[in-house]
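Worksheet: the structure to be examined is printed underneath.
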Amino acid sequence: MKYGVLSGELTRLTYSSSLGVAHQNFTLAQGFDYQSPPQLHLLFGASRSTLGFLPGFPESLQAACIPVLLSNGWELPFSDIMQWNQAVIEGDERLLLHVPSTVRAVGNERVLALRQRTQMLWEAYFSSVDKIVLTTLEIIKDRVFSHISRNKYMWNSLPGGLLVLPEYSTHLAHFPFYYLGLGVSPGQEFTAVIHAVSPLVSQSQPIMKLLQVVSKSKYCSQIIILWNSEKPPPNRSKWPPMPVPLTVTDGRRKTTSRFLPHVAIETEAVLSLDEDTVLLTSEVNFAFLVWQSFPERIVGYPPRSHFWDPLKRAWGYTSKWTNDYSIVLTGAAFYHRYYHYLFSHYLPQSLRTLVDRTSNCEDILMNFLVSAVTHLPPIKVAQRKQYKELPSPQGTKSVPWANPEHFNQRQECINTFANWFGYMPLVHSQFRLDPVLFKDQVSVLRKKYKDLERA
């Protein structure tokens with residue numbers, strides 16, 4: 001890229017989509033040409049104090065080009081909350097001849113940091129008209145309700161201010177995606193939330209065994225049973241005695257109720273379980289320790305994946321057992337409780353209504369949400385293939401996931417969700433975490449989680 005002035009007249013650069021970089025040839029009055037890195041994008045504008053976009057400014061952010069702003073007095077959009085000095089190089093339009101030396105003085109590490117910040121700002125606030133409008137409204141709301149407003153760190157750090165709801169908290173340490181930057185460690189206990197849809201008719205039902213397994217975990221703080229059965233919940237005496245508190249809550253027969261921000265959940269970690277989930281206490285403990293290292297992600301056992309079908313020109317959903325996955329089902333998974341609040345207050349009512357109407361896809365929607373926040377895949381632990389009680393031949397039809405229509409609905413859901421988000425946020429991964437010495441040919445006495453190998 002060359003830059004300068006044409007016959008003393010200011011001009012702006014254009015964006016070349018074929019090259020993927022901004023460029024413009026300029027000839028200085030003195031006849032000198034200067035070469036600058038292709039990642040830089042010079043922007044000129046009229047010298048006036050106003051709010052708005054310079055021509056080419058959004059395009060430079062989208063292309064990960066660093067805007068070099070030469071327009072004295074121009075106020076960049078949302079400058080009261082966005083730290084543009086982390087994404088833009090500003091110069092003085094009266095000192096054009098100093099621009100080459102200023103640009104050359106920018107080191108490679110600084111260039112990388114500036115480009116990364118342009119991408120963060122573009123994706124969080126400028127990638128659509130809806131985001132620009134929503135950002136404007138949220139900034140106004142922060143000004144009106146200043147006692148519960150977001151600070152500049154929230155606006156200028158991933159995942160961006162639109163995904164940080166101040167009604168939940170205004171403290172950085174209460175959000176999982178800030179833990180690493182703040183040096184904060186997650187809590188040492190979790191709350192288990194079991195989604196129950198079947199009436200309790202026998203003490204040998206899978207949920208009874210699940211209660212015993214989970215309550216034996218030394219990290220379990222309490223167990224909440226979300227009762228969504230047609231029949232009323234049984235008396236407390238019908239439930240087995242446990243070493244941790246047990247609460248039965250009315251789910252109002254809504255599938256999305258499992259992701260409501262229940263006030264009873266006091267721990268940061270939530271273990272989401274289906275009533276027929278099959279796990280060992282050691283599996284619960286290991287998954288929780290893994291989650292403590294990745295508190296911003298979903299960590300669990302049952303994986304699924306998505307794919308693009310070029311013939312149907314639509315997204316597909318698969319439960320085939322492969323090394324590649326992009327979804328971890330919330331029938332046996334840990335995640336941070338903030339995602340309950342985000343699920344209930346950020347996602348539109350139309351998506352939650354779809355989930356409740358079909359009694360399906362709530363786990364896929366939660367994975368969409370968390371991946372949209374983190375831009376990262378979930379994490380699968382260990383090698384368990386079966387995490388559900390196998391249905392009896394007589395009861396097969398009563399099991400939702402055994403119904404072919406259940407799978408077809410999930411295919412439709414994944415496309416509906418992608419349409420609302422405007423892109424596919426799910427991220428593929430082949431990463432799996434196993435305990436040390438897992439399946440190694442050594443004495444079981446040396447293995448901390450030896451029971452996992454029999455799962």
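Rounded if a/c is under 1.5, else prolate if a/b beats b/c, else oblate: with a ≥ b ≥ c from the C-alpha gyration tensor eigenvalues square-rooted, which is segment 187-287? Oblate shape, in that a/c is at least 1.5 and b/c is the bigger or equal ratio.
Coupling constants for segment 414-425 follow from the phi torsions by the Karplus curve (6.51 cos²θ - 1.76 cosθ + 1.60, θ = phi - 60°), and in residue order they are 5, 6, 4, 5, 4, 5, 5, 5, x, 6, 9, x Hz; glycine and proline get x.
For the set Y168, Y335, Y423, the ranking by accessible area, highest first and with no ligand, DNA or RNA atoms included, is Y423, Y168, Y335 under a 1.4 Å probe.
In this simple spin-label model, placing a label point 7 Å from the Cα along the Cα-to-Cβ direction at both Q203 and H345 gives a separation of 4.4 nm.
Could the peptides 297-306, 149-158, 63-72 be put in order, highest first, of the mean number of other beta-carbon atoms found within 10 Å of their residues?
Values: 297-306: 23.6, 149-158: 17.8, 63-72: 22.1.
Descending packing order for the listed peptides: 297-306, 63-72, 149-158.
In terms of packing, defined here as the mean over residues of other Cβ atoms within 10 angstrom, the peptides 94-107, 346-359 line up highest first as 346-359, 94-107. Find how many whole Å separate the alpha carbon centroid of segment 233-248 from the alpha carbon centroid of segment 341-362. So the separation of the two Cα centres works out to 29 Å. Our note on the geometry: Cα centres of segment 84-104 and segment 258-290, 52 Å apart. Just to confirm my numbers, what's the Cα centroid distance between segment 127-190 and segment 402-455 in Å? When both Cα centres are located, 29 Å separates them.
Projected label points at D80 and R104, each 7 Å from Cα along the beta carbon direction, are separated by 4.2 nanometres. Simple spin-label estimate for S359 and Y153 gives 4.5 nm between the two label positions (7 Å along the Cα-to-Cβ direction from each Cα). Using R0 = 22 Å, the C-beta based FRET efficiency linking S443 and Q212 works out to 0.15.
The values are calculated or read from the model by the stated rules, or taken from the named source; none is laboratory data. Not measured: the values here are computed from a predicted model. Every residue, glycine among them, receives a Cβ derived from its backbone with ideal geometry; neighbour counts consider all protein chains shown. Note: accessible area is taken over every heavy atom of the protein model, side chains too, but ligands, DNA and RNA are not part of it. Shrake-Rupley method; radii C 1.70, N 1.55, O 1.52, S 1.80 Å.
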